[in-house]
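The values are calculated or read from the model by the stated rules, or taken from the named source; none is laboratory data. What you see is a predicted model; the values in this text were computed from it and never measured. Backbone-built Cβ (ideal geometry, glycine too); neighbour counts: all protein chains shown. The area values use the complete protein model at the heavy-atom level, side chains included, leaving out ligands, DNA and RNA. Shrake-Rupley method; radii C 1.70, N 1.55, O 1.52, S 1.80 Å.
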Amino acid sequence: MKGPLWNVLPDGWLAGQVKNAATVTLGKMLQSKDSGSDVRAPYMRAANVQPDGVLALDDVKEMWFGEDELGQLSIRAGDVVVVEGGQGGFGRAAYVDQDLPGWGFQNSINRLRPIGDFDGRFIAFYLIALRASGFIRAYSNVVSMPHLTAEKLARIPIPLPPVGVQRAIADYLDHETARIDTLIEEQQRLIEMLHERRRSVVQHAVAGSDRNDVCQTGDPWWPELPDDWTPVSLRRVLRGLADGPHFSPNYVDDGVMFLSARNVKVDRWSLDDAKFVSEADYLEFSKRVVPEPGDVLYTKGGTTGIARVVDLDFPFQVWVHVAVLKVRHDLVEPSFLAYALNSGPCYDQSQLFTRGATNNDLGLTRIVNIVTPLPPLDEQRRIVAYLDDETAKIGALIAETERFIELSRERRSALITAAVTGQIDVRKAA
């Protein structure tokens with residue numbers, strides 16, 4: 001019998017369905033009120049089950065359960081929890097390695113309780129491999145909101161090695177995935193250090209800290225600058241600024257690119273998920289402003305305070321969350337301005353000027369009050385050339401480290417798949 005991840009299984013292995021290895025139970029709907037004799041208890045929900053089998057229990061919510069209900073929906077060491085629905089997480093699985101007395105679980109979770117001596121870790125690893133392969137997405141009901149229902153989860157084919165082999169595989173994968181995860185965490189810390197190094201290099205340069213003629217400016221954001229530099233408000237170096245339409249347009253599959261704040265990064269464009277508007281809408285929005293090479297885009301909604309010089313060689317438009325800064329080229333180099341706006345002091349000002357607890361807004365009338373250093377033009381160009389070179393080196397190291405992490409994750413996934421389908425003999429590999 002072939003399965004979703006295997007053609008042939010080792011001798012002595014059987015093939016069955018998840019329901020042959022574990023009972024499958026769906027949790028209860030969210031209950032916000034006491035029906036009379038209920039108890040309030042913590043519950044597992046989709047957000048607690050993270051990628052790669054991570055169970056995150058720091059953020060715990062409570063709801064009402066009947067006492068009998070709480071007994072039926074218990075969670076204990078050895079169980080496996082699987083996310084039932086939601087675009088981001090359906091099919092995520094995690095092994096529960098500790099008893100959770102008094103806990104229940106919501107109907108965004110299916111609980112697998114191993115039958116007899118079946119090893120929950122083996123089941124969890126198998127479901128993690130299955131999701132990584134794309135099988136879960138293809139298998140689930142993905143019309144609008146995807147669901148991996150309890151019935152469908154119970155019918156998923158699964159290899160059934162002898163219990164002793166299951167344990168050996170789970171022990172091996174516990175050790176090997178922990179080793180890979182540690183390696184990935186180390187590389188992620190390295191990336192954080194490189195980003196910090198980039199910020200430090202930029203701030204040092206745009207503040208003229210390498211000059212020996214710095215003097216007091218009286219400005220709280222840039223208290224010391226070289227003698228021939230001046231702290232100026234943004235309004236002084238702009239000939240205009242505007243944002244995009246203050247409504248969501250009708251998007252089309254093929255049209256003119258329409259950028260929002262998420263597409264603008266400090267070190268790159270992020271255009272994979274960019275949206276498009278019709279030519280007619282582009283022309284209408286262009287009555288407000290036309291972004292051009294040499295302008296600076298500045299995020300003013302969502303994630304605020306990120307600047308990037310326009311170097312795109314095709315027409316595009318922006319949404320309300322992006323400001324187009326029209327720069328006075330007789331005073332400032334656009335790239336210098338972008339570096340300065342992304343430095344610590346300018347970013348801190350942008351956050352100070354951002355309003356709104358849930359919908360962040362860095363208004364145009366507040367943007368122009370941000371204070372930036374203004375060196376002579378020839379020195380701005382020298383600083384930009386230096387920073388372009390230095391940030392490119394740091395960017396290359398970050399890209400190399402990200403690629404290493406990607407390969408490590410691929411290695412992790414391949415190792416799990418090979419182990420749970422018997423393609424490697426873990427007794428020899430250990």
**Message:** Between ASP117 and MET145, what is the label-point separation in nm under the 7 Å Cα-to-beta-carbon projection?
**Reply:** 4.2 nm
**Request:** Report the extension gain between PHE404 and ASP388 in nm, rounded to one decimal, defined as 0.36 nm multiplied by the number of residues separating them, less their alpha carbon distance.
**Result:** 3.3 nm
**Prompt:** Given the Cα-Cα distance of ARG199 and LEU30 and 0.36 nm per residue of separation, how much length would full extension add, in nm?
**Reply:** 56.4 nm
**Asked** What span do the alpha-carbon atoms of segment 1-121 cover on each of the three principal axes, reported in whole Å from largest to smallest?
**Response** 55, 30, 22
**Asked** Cα centroid distance between segment 260-333 and segment 84-129, in Å?
**Response** 44 Å
**Fill in**
Taking Cα atoms only, Rg over Rh for segment 250-328 with Rh from the Kirkwood formula is 0.93
**Prompt:** How long are the semi-axes of the ellipsoid equivalent to segment 303-355, from square roots of 5 times the Cα gyration tensor eigenvalues, in whole Å, largest first?
**Reply:** 20, 16, 9
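Just to be sure I understand: of the beta bridges DSSP finds with both ends in the chain, what percent are antiparallel, rounded to 5?
Working: 52 of 58 bridges.
In the chain, approximately 90 percent of DSSP beta bridges are antiparallel ones.
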**Request:** Give the span of the chain's Cα atoms along each principal axis, as three whole-Å numbers ordered largest to smallest.
**Result:** 79, 55, 44
**Prompt:** Which one of TYR139, ASN107, PHE125 has its Cα pushed farthest toward the positive end of the charge dipole of segment 97-149, where Lys and Arg give +1 and Asp and Glu give -1 at the Cβ?
**Reply:** TYR139
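Multiply the residue separation of ARG155 and LEU57 by 0.36 nm, subtract the distance between their alpha-carbon atoms, and state the gained length in nm to one decimal.
Length difference between fully extended and current span is 32.4 nm.
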**Message:** Placing unit charges on C-beta atoms (Lys and Arg positive, Asp and Glu negative, everything else neutral), compute the dipole magnitude of segment 234-278 about its Cα centre in debye, rounded to 20.
**Reply:** 460 debye
**Message:** Viscosity 0.890 mPa s, temperature 25 °C: what is the translational diffusion coefficient of segment 132-256 from Stokes-Einstein with a Kirkwood Rh over Cα pairs, rounded to a whole number of µm²/s?
**Reply:** 107 µm²/s
**Message:** Placing +1 on the Cβ of each Lys and Arg and -1 on the Cβ of each Asp and Glu in the chain, which of THR391, VAL163, THR23 has its Cα farthest towards the positive end of the resulting dipole?
**Reply:** THR23
**Item:** Volume per residue that the Cα convex hull of segment 30-93 spans, once the total is divided by residue count, Å³
**Value:** 96 Å³
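How big is Rg to Rh over segment 321-416, alpha-carbon atoms, Rh as the Kirkwood inverse-mean-distance radius?
Expressed as Rg/Rh, it is 1.15.
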**Counting all C-alpha pairs of segment 175-332, share separated by more than 22 Å (%)** = 57 percent
**Prompt:** Against the longest principal axis of the chain, how steep is helix 344-353, in degrees 0 to 90 to the nearest 10, with axes from Cα atoms?
**Reply:** 80 degrees
**Asked** Size of segment 90-186 along its principal axes in angstrom, Cα-based, largest extent first?
**Response** 38, 34, 31
**Request:** Let me know the charge dipole size of the chain about its Cα centre in debye, to the nearest 20, where only the beta-carbon of Lys, Arg (+1) and Asp, Glu (-1) is charged.
**Result:** 920 debye
**Asked** Accessible area per residue, 1.4 Å probe, Å², for segment 109-193: what's the number?
**Response** 45 Å²
**Message:** Under a crude label model (7 Å from the Cα following the beta-carbon direction), how far is ASP267 from GLU379 in nanometres?
**Reply:** 2.8 nm
**Request:** Work out the count of Lys pairs in the chain where the Cα-Cα distance is under 26 Å, with the pair 8 or more places apart or on different chains.
**Result:** 19
**Message:** With angles folded into 0 to 90 degrees, how steeply does helix 377-420 sit against the dominant principal axis of the chain? Use alpha carbons for both and round to 10.
**Reply:** 10 degrees
**Request:** Give the relative contact order (percent, whole number) for segment 258-349; include only Cα pairs under 8 Å separated by 6+ residues.
**Result:** 32 percent
**Asked** So what is the 222 nm mean residue ellipticity for the chain from helices alone, if each DSSP H run of at least 4 adds -39500 (n - 2.57) and you divide by all residues, rounding to the nearest 500 deg cm²/dmol?
**Response** -11500 deg cm²/dmol
